[in-house]
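Note sheet for the following structure.
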Amino acid sequence: MGVFAMWLAFSLRLDTLHWPEGRQWIAYALAPALAFPVLVNQGLYRAIFRYTGITALITTGRAVAIYGAMLLAILLNVQWEGVPRSVGILQPLIFLLLVGASRALGWLWLKGRPGKASSSLLIYGAGSAGAQTAAGLGGVHQYQLQGFVDDDPAKAGRSINGTRVYAPKELPTIVDRFGITDVLLALPSASRQRRREIIQSLRDLPVRIRTLPGLTDLASGKVTVTDFQDLDIEDLLGREPVAANPELLSRNLKDKVILVTGAGGSIGSELCRQIIHEGPSHLLLVDHSEHALYLIHQELQTLRDQGQLRCELLPLLASVVDSVRMADICRLHRPYAIYHAAAYKHVPMVEINAGAGVLNNIFGTLNMVQMALESGTLHFVLVSTDKAVRPTNVMGASKRVAELVLQAIAASRQPPFKEEHLSNGQWQCPTCFSMVRFGNVLGSSGSVIPLFRRQIAAGGPVTVTHPDVTRYFMTIPEAAQLVLQAGAMAESGDLFLLDMGEPIRILELARRMVALSGLTVRDAQHPDADIAVEFTGLRPGEKLYEELLIGDNPLPTAHPRILRAREEHRTWPDLRALLQPLYQAAQSGDEATLKQLLNQIVPGYRSETIISP
């Protein structure tokens with residue numbers, strides 16, 4: 001290419017087709033002799049044509065400039081006969097054009113080699129994030145970009161690098177004309193409300209809605225096609241997630257020894273992620289699953305190291321039912337606060353294994369309460385559930401009994417576990433016991449969201465227990481924040497719950513997820529649609545709807561979306577008298593006696609199985 005550029009330079013300079021003679025041959029030989037080592041040194045032969053961009057063009061210009069300066073210096077210095085010095089300027093310019101053109105042609109050839117793209121894409125958002133994403137799609141053939149969509153009227157009808165920008169009202173026409181399969185939301189800084197409005201406007205279109213990661217990943221240049229994600233779980237919630245109060249979050253955590261039971265579970269692991277950022281001196285991770293404990297410990301070590309946080313992490317294999325092991329842990333480390341998230345929570349599973357559920361959920365909690373008192377723990381927070389309200393299943397009833405244990409001990413005027421001599425005739429509980437009650441958690445191990453996603457990916461059917469079943473939902477971060485903030489606001493015996501807005505119909509949630517996947521729900525009106533919905537009937541112990549309050553007198557707190565409930569409970573001596581036979585029934589597997597005792601302890605508990613119509 002250098003020789004050809006030299007021939008063109010001579011031909012243009014002499015205004016005739018040139019044939020070298022004499023010392024002109026030296027100039028022809030000099031071009032490749034100089035160009036090759038310079039281009040190698042600048043890395044032009046290491047570049048990958050498929051991903052050529054502005055950086056590669058700048059590198060090419062720099063390399064040719066160095067080569068041109070060397071060539072011109074030699075020609076000016078030696079002044080060979082028959083070699084015009086102006087060739088030292090013309091030849092590098094021609095050479096630059098040839099090198100640049102060859103690389104551009106190579107990029108275009110490689111870009112066009114694969115066959116038809118598997119997905120036809122629109123990018124919603126013609127801002128910097130959308131433009132950067134479109135540029136990243138240039139060398140990828142999984143998606144064929146058909147255009148941008150933007151709410152700004154000034155952008156409609158214009159183009160970004162040759163790709164047209166459309167107004168939102170044109171979406172149905174564009175989707176039909178180009179066979180759009182995917183819409184990518186490139187709106188990393190948009191509010192949650194605005195995102196929901198856009199998603200709602202796209203629900204009736206046969207497209208799959210995807211989203212980009214946050215602004216941090218965009219700024220770091222990490223966005224690629226593989227970063228496209230399904231919609232955030234928050235986009236399915238139907239309300240704004242509850243914001244955290246930073247002061248409440250850190251109040252009982254900074255420079256303290258914190259113990260989390262069930263640390264490998266959905267709620268426990270998120271508690272740990274948020275706690276470590278508040279600067280505890282030690283974080284004790286307790287779980288009976290080795291694999292779950294290993295995963296959360298590794299994740300927290302990475303978070304600690306990346307954030308340069310000073311916190312000692314201790315993964316402790318233990319079951320809360322093992323009183324000896326838990327006593328050793330609490331006596332040795334003396335935690336300032338315990339967040340008790342360990343529980344069996346899957347309703348049908350606990351219904352089948354009632355004894356194990358009672359031992360873990362009730363007597364595991366009782367063990368932790370005793371350890372907290374003996375080790376001088378100042379704050380104890382129980383993670384509870386809306387299924388504890390007028391329960392119809394063993395899981396809900398067991399969690400309500402756990403609540404009753406905390407309420408009774410917090411109100412007791414006698415030591416609950418040791419008959420100590422009292423100088424003044426009264427005993428004041430040294431530990432602040434509190435409970436946090438919330439609804440279903442989106443994305444947890446027992447949530448319907450992962451199940452629906454798997455069923456949709458497999459082509460259906462999507463299974464719903466009953467067409468009228470409704471649930472309150474919250475996100476995992478919301479749940480963890482609620483637990484931490486409640487612990488900071490608590491007075492002993494308090495029960496907290498989240499103002500979760502209106503409950504969501506599970507059938508509507510399933511339909512929404514199918515629509516956002518770009519598919520349609522098969523029913524009597526649409527027999528040829530993509531995904532069928534099947535009703536399987538309510539499972540043993542399952543209710544059509546859940547409640548958060550037993551009474552109707554919630555009180556406000558320092559957080560506008562967190563409420564405090566004061567509910568009736570048994571005295572500790574009365575409750576303790578019923579717990580001993582309950583423990584024996586659970587140990588022996590006497591399910592009939594176990595449910596009978598739960599009926600005595602928990603007002604409103606009904607153990608009969610609900611049969612769907």
Are any of the residues in the range 461-480 part of a helix (DSSP H, G or I), modelled with pLDDT of 80 or more and more than 17 Å from residue 269 (Cα to Cα)?
no
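Can you go through 411, 372 and tell me which one is open to solvent by 10 Å² or more (accessible area, probe 1.4 Å), in contact (Cβ under 8 Å) with a residue 24 or more places away in the chain and over 19 Å from residue 350 (Cα atoms)? Break it down into steps so the answer makes sense when it comes.
Details: 372 fails: open to solvent by 10 Å² or more (accessible area, probe 1.4 Å).
Being open to solvent by 10 Å² or more (accessible area, probe 1.4 Å), in contact (Cβ under 8 Å) with a residue 24 or more places away in the chain and over 19 Å from residue 350 (Cα atoms) holds for just one of 411, 372, which is 411.
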Could you check residue 155 against (1) touching a residue at least 12 places away in the same chain (Cβ under 8 Å); (2) of a type outside the set (A, V, I, L, M, F, W, C); (3) under 20 Å from residue 210 (Cα atoms) and say which number it fails?
(3)
Starting from residues that are of a type in the set (Lys, Arg) and open to solvent by 60 Å² or more (accessible area, probe 1.4 Å), keep the ones in the range 556-609 and report whichever is nearest to the chain's Cα centre (by Cα).
561
Pairs, first surrounded by fewer than 23 Cβ atoms within 10 Å (Cβ to Cβ) in the range 268-279, second basic (Lys, Arg), C-beta under 8 Å, six or more apart
276/304; 278/254; 279/254; 279/310
How many residues are acidic (Asp, Glu) and under 19 Å from residue 402 (Cα atoms) if we restrict to the range 476-506?
2
When you go through 248, 284, 295 one by one, which is the residue that is in a strand (DSSP E or B) and not hydroxyl-bearing (Ser, Thr, Tyr)?
284
Does residue 343 fit the bill of being assigned to a helix (DSSP H, G or I), in contact with a strand residue (DSSP E or B) (Cβ under 8 Å, 6 or more places away or on another chain) and crowded, with 24+ Cβ neighbours inside 10 Å?
no
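The values are calculated or read from the model by the stated rules, or taken from the named source; none is laboratory data. A quick note: this is a predicted structure, and the numbers were derived from the prediction, not measured. We place every Cβ from the backbone using ideal geometry, glycine too, and count neighbours over all the protein chains shown. Surface areas here come from the heavy atoms of the whole protein model, side chains and all, with no ligands, DNA or RNA. Shrake-Rupley method; radii C 1.70, N 1.55, O 1.52, S 1.80 Å.
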